[in-house]
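Single-structure report; data block below.
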2 protein chains.
Amino acid sequence: MKTIVVAAALLFSARSLPAESGTPADRILRRELSTSQAYDTLSELTDRIGPRLSGSAGAAAAVEWALRTFKSWSIDVHAEPVTVPHWVRGAEFATLPSHHDQKIVLTALGGSVATPRQGITAEVIEVHDFDQLVALGAENVRGKIVFYSAAMDMDLVRSGNAFKAYRDAVVYRSKGPSRAAELGAVASINRSVASASLRTPHTGGLKYDPKQPKIPGAAVAAEDAELLHRLLASGDTVTMHLVVTPQTLPDVVSANVVAEIRGDTRPDEVVLIGAHLDSWDLGTGAIDDGSGVANVMETMHLIKELGLTPHRTIRAVLYMNEENGGAGGKAYAERHKAELSKPVAAIESDSGAAAPTGFRTTVPAVALRALKQGLLPLASLGAADLTPTTDAGSDIAPLTETGVPGFGMAPDSRHYFDYHHTAADTLDKVDPKELAQESAAMAVLAWTLSEQPGYLPRIPTKREP
Amino acid sequence: MKTIVVAAALLFSARSLPAESGTPADRILRRELSTSQAYDTLSELTDRIGPRLSGSAGAAAAVEWALRTFKSWSIDVHAEPVTVPHWVRGAEFATLPSHHDQKIVLTALGGSVATPRQGITAEVIEVHDFDQLVALGAENVRGKIVFYSAAMDMDLVRSGNAFKAYRDAVVYRSKGPSRAAELGAVASINRSVASASLRTPHTGGLKYDPKQPKIPGAAVAAEDAELLHRLLASGDTVTMHLVVTPQTLPDVVSANVVAEIRGDTRPDEVVLIGAHLDSWDLGTGAIDDGSGVANVMETMHLIKELGLTPHRTIRAVLYMNEENGGAGGKAYAERHKAELSKPVAAIESDSGAAAPTGFRTTVPAVALRALKQGLLPLASLGAADLTPTTDAGSDIAPLTETGVPGFGMAPDSRHYFDYHHTAADTLDKVDPKELAQESAAMAVLAWTLSEQPGYLPRIPTKREP
């Protein structure tokens, strides 16, 4: 219903402007904001293919679809092989034998090992952070299930700093299992890194420390985290029966999809635009990162449709395996290492589908004056901000670490973690108009970078650990 | 966190008033609004027992807990046996073989029969209502899975008429399976009757027409309903693989819990206050109907604690099996049929835990003048409204149908169907302050009815079908 209304509004606003006047940026903006093309692309990916975790049939179908779609737009495209892990979710459930066998809603973390088939039954101990864990010591942790109860800081989320709140909380998901294993825990559970919940667990990757035994890791829904906290805070002994049966199958050869529109005067200089084609398995990856894929594909589609020929080459990379390994980003950098001086910039979109505010960039503000001028047409969308970052996106990190100037799409983040890594990451969470604004912003930035006479400074960045 | 802040505020406001002054209604209000006793009662039920579908161990534990709790308050209590169905949820999942085996999130409807263990695979056809189903005819329905796509009317929900929106949509859940079976369908799925969703299916009872074959019924999450609609609207043929394996086990003898505080001058005249102790199995039944149970128990607790002795008897009934059969309401009326002239009123709370606006009542407005006077203390909470209804609550319907004046708690309904019948119906959805307001409202109404010199007119009601 929302879709229909918005599409009608877009068509109406398109009518009031002449078709071919203005600068390329004006034409890009006008065209994109008058269509729901990016949304149509996103629908194809999410509705007809759906989940596409690395190694899955869905991921393979997505690669084929992306190749086919670029070809249908007469854009040069090829696949570049990437070897990816193949982790497959199994059964996952938990109960509290100490409390009438109440069900606990949870989901295994990506990469987690399995419990024995019959499960683990152990006492649950709660820690708010790693300091508390260390203070407990091995004598209190051995044989237990460690429960990390830290929640996202909702004041940060509401004030537009959701990614900061995410980084603060996600360490317990990524590093919690090995830190707990170090002290002898038998499993690790963390409160879902979530800004909303209807008993909704949020998955995501864990990172095992190779020096520690691998123990199962799972994220409980916010409601279940609060229940465990209440029971433990009241002094109850809480025991959990936990069953997760994921499997790590042999690696699979998958692919990055690489498309390009060749520049006429500086074809060897590349403006790279990227997003990741894989998604977690619970939802259909509409906001993570179907919307980024739609932004990238639509940027290429627009430039082609409008008959624009850039000075530099604009290259689209749809990365495989951002979610559970980052193999695509690394494989691209490795394969193209001889030409790592050629990208004049890399733009990534992997922060959701909401209305854009601009871009995060690794380029110092003093060097952005000319670019800001080029982005002025985006000011009408409120999407012209350039804010400093050391992390423009994880797939382009291997490039920005060598000094490639990096840009990351910065949409309104307030609701991103309502859906991120959940079954609820589905097409209906995307507003076609906001997705069009994102796509227009990426296209205008890519175009401006391709036409800019000078170069941005190359300053190698180091992502926060 | 919310809990702590609210409790502190309540304690603070309590200090500013003297302890024992004012009318009983004033004392009830002051006392209840200064504690979080009702919330504590609700926590015990939902956190320590949890789900309690009829026939389950949780339901049995809830009966024992209620008996024990009333006794601990020195309130006379006993159990009255009720024979209930014992339906147990099994596996439940679905995929779309026609669309890369995408997962469809759904939950079996209460009472549903199972598919064969290996599932059903059939084409899905969408209908918006029964007229469309009938128009399709048996030749188009036979062998198919019928998908009822009607959504709740969100304009009604937002304007405070969520129960009207619920009644309009829920017919496809309750009657959809048999209507589809009549035309030869092999299964029936309905869009969850929901006002919010994070891929959240809403269960609820279905009613098989004994004249039709029983086919499985399940509710899909709103997101999945929209996906199915988009695929079908685009002209795709959609096939679904559906597995639901619930079982109907032999009936179980459970109980209504009946407690009373005897009146001093008119002990044979009863003001009945009721709620249902059972819940669906997915969540912990905090708003449906743990909050009603807390209202009823807290009303008794308050009157006892304040040392108030009513003129009439105030009787609490915690009904069993409201959710999937209504056996408790029927058993109570049957067991007490010799005294059906004795209840001067019956009050039910089964509409959630949000701030009360007043009560729905079967009593004509012209006969409510004296009662309205008694409820004036509730005006300060915005909880003094009395609005006409033919349905004051399903457990007391066997009483109101014989002419017992009926009252139903009427809280703000705007978010009730966000959680109703889902795994997300958990304690954190309840605001302790709003629950205290509800409990105070019930206690003031019960007290006023017990003390009122006259009688309300007895007008038998008939619930809407």
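Quick one: of A:Lys330/A:Lys462; B:Lys103/B:Lys211; A:Lys433/B:Lys144; A:Lys103/B:Lys429; B:Lys144/B:Lys214, which pairs are farther than 26 Å apart, Cα to Cα? In this structure, B:Lys103/B:Lys211; A:Lys433/B:Lys144 exceed 26 Å between Cα atoms. Neighbouring Cβ atoms from other chains, within 10 Å of the Cβ of residues in A:99-106, number 5 on average. Placing +1 on each Lys and Arg Cβ and -1 on each Asp and Glu Cβ, with no other charges, gives the protein assembly as shown a dipole about its Cα centre of roughly 80 debye.
The peptide list B:323-334, B:218-229, put in order of mean Cβ contacts within 10 Å with the highest first, becomes B:218-229, B:323-334. All other residues whose Cβ lies under 10 angstrom from that of A:Val63 are scored, Lys and Arg at +1 and Asp and Glu at -1, for a net of 0. Near the amide H of B:Val238, within less than 5 Å, lie the amide hydrogens of B:Val124, all on another chain or at least 5 residues away, with H placed in the peptide plane. Around the Cα centre of chain B, unit charges on the Cβ atoms of Lys, Arg, Asp and Glu (plus for the first two, minus for the last two) sum to a dipole of about 460 debye. Decide, for chain B, between rounded, prolate and oblate: order the square roots of the alpha carbon gyration tensor eigenvalues as a ≥ b ≥ c, take rounded if a/c falls under 1.5, and otherwise choose prolate if a/b is larger than b/c, else oblate. Prolate. For the pair A:Asp385 and B:Ser159, label points projected 7 Å from Cα toward Cβ lie 3.8 nm apart.
Scalar couplings 3J(HN,Hα) for region B:67-76, obtained by applying the Karplus form with A = 6.51, B = -1.76, C = 1.60 to θ = phi - 60°, are 4, 4, 5, 4, 4, 5, 8, 6, 10, 4 Hz; x denotes Gly and Pro. Closest approach of a chain B beta carbon to the axis mapping chain B onto chain A (residue, whole Å): B:Leu198, 2.
Simple rule: put +1 on each Lys or Arg Cβ and -1 on each Asp or Glu Cβ in region B:245-387, find the dipole, and look at B:Ala259, B:Ala346, B:Tyr319; the Cα lying farthest toward the positive end is B:Ala346. Each Lys and Arg Cβ is given +1 and each Asp and Glu Cβ -1; about its Cα centre, region A:310-465 then shows a dipole of about 740 debye. For region A:21-79, what D do you get in µm² per second when you plug the Kirkwood radius from alpha-carbon pairs into Stokes-Einstein at 10 °C and 1.306 mPa s? The Stokes-Einstein estimate is 120 µm²/s.
Under the rule a/c < 1.5 gives rounded, and otherwise a/b versus b/c splits prolate from oblate, where does region A:357-430 land using the Cα gyration tensor? It is oblate, given that a/c is not under 1.5 and a/b is not larger than b/c. When only alpha carbons of region A:104-257 are considered, Rg and Dmax amount to 15.5, 54 Å. For B:Lys372, the distances from its label point to the matching points in the remaining copies are 6.5 nm, ordered from shortest, with each point set 7 Å beyond Cα toward Cβ. A simple spin-label model places pseudo-atoms 7 Å from Cα toward Cβ; at B:Glu80 and B:Arg117 they are separated by 4.4 nm. Farthest towards the positive end of the charge dipole of region A:236-362, among the residues A:Leu272, A:Val293, A:Gly307, is the Cα of A:Gly307, using unit charges on the Cβ of Lys, Arg, Asp and Glu.
Summary of packing: across the peptides A:134-147, A:354-367, A:109-122, A:187-200, the per-residue average of other C-beta atoms within 10 Å ranks them, highest first, as A:187-200, A:354-367, A:109-122, A:134-147. For A:Ala165, the shell of other residues with beta-carbons less than 12 Å away shows a net charge of +1, using +1 for Lys and Arg and -1 for Asp and Glu. Under the classification rounded if a/c is under 1.5, otherwise prolate if a/b is larger than b/c and oblate if not, where does the protein assembly as shown fall, given a ≥ b ≥ c as square roots of the Cα gyration tensor eigenvalues? Prolate shape, in that a/c is at least 1.5 and a/b is the bigger ratio.
Taking the mean number of other Cβ atoms within 10 Å as a proxy for protection, how do you rank B:294-307, B:250-263 from highest to lowest?
Taking the mean over residues of other Cβ atoms within 10 Å, the ranking is B:294-307, B:250-263.
Note on A:215-222: average number of Cβ atoms from other chains within 10 Å of each residue's Cβ is 1. Partner shielding of B:419-431 amounts to 4, given as the average count of beta-carbon atoms from other chains within 10 Å of each residue beta-carbon. Axis of helix B:291-305 versus longest Cα principal axis of chain B: the two differ by about 10°, to the nearest ten degrees. The slack in the chain from B:Val253 to B:Arg414, taken as 0.36 nm per residue of separation less the alpha-carbon distance, amounts to 54.3 nm. Inter-copy label distances for A:Thr239: 4.7 nm (label point placed 7 Å from Cα along Cα→Cβ; shortest first).
If you take the charge dipole of region B:100-239 about its Cα centre, with +1 on Lys and Arg Cβ and -1 on Asp and Glu Cβ, which of B:Phe130, B:Gly205, B:Ala219 is farthest toward its positive end? Farthest towards the positive pole: B:Gly205.
Since every read-out is calculated from the coordinates, none of them should be taken as a lab result. These numbers come from a predicted model, not from an experiment. Virtual Cβ from ideal backbone geometry, glycine too; neighbours counted across all protein chains shown.
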